[in-house]
Amino acid sequence: MALLRSTSGPIDLVLQGGGIKAIGLAGGMNALADRGIPIRRIAGASGGAIVAGLTAAGYSPGELRRIIETEPFPELLDTRWYSRLPLVGTPIAIFWRMGLHPGIRV
């Protein structure tokens, strides 16, 4: 979580990616709310994009935490046969399926 603050007032927030880091980011959002720090703009990548999107959609930190903690993340992993091939599985997944884990529940 990167926090840019030039003066008192609303902040611009950028949340890093990393999938499972979304749980920690949800806790960070709760800490910001507890301290009364308002967010003006929010963006993120990967797990950070999930947290940023839910926050921008108006979910409270408590709701966000419940969503993140109860989401069955293993269901989003790509379990196709080629993703398990040594050395070539990752490039195949990236180029053919547009990412390592396309986020489609199986």
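The values are calculated or read from the model by the stated rules, or taken from the named source; none is laboratory data. Values in this document were obtained by computation on a predicted structure and should not be read as measured data. Positions of Cβ are generated from backbone atoms using ideal geometry, with glycine treated the same way; all protein chains shown enter the neighbour counts.
At a glance:
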| read-out | value |
| --- | --- |
| Count - residues of region 7-24 that are free of Cβ contacts under 8 Å to residues at least 40 places away in the same chain and within 19 Å of G58 (Cβ to Cβ) | 5 |
| Helices (runs of 4 or more DSSP H) (entirely within the chain) containing at least 1 residues that are at pLDDT 80 or above and exposed (fewer than 12 other Cβ atoms within 10 Å of the Cβ) | 22-34, 61-70 |
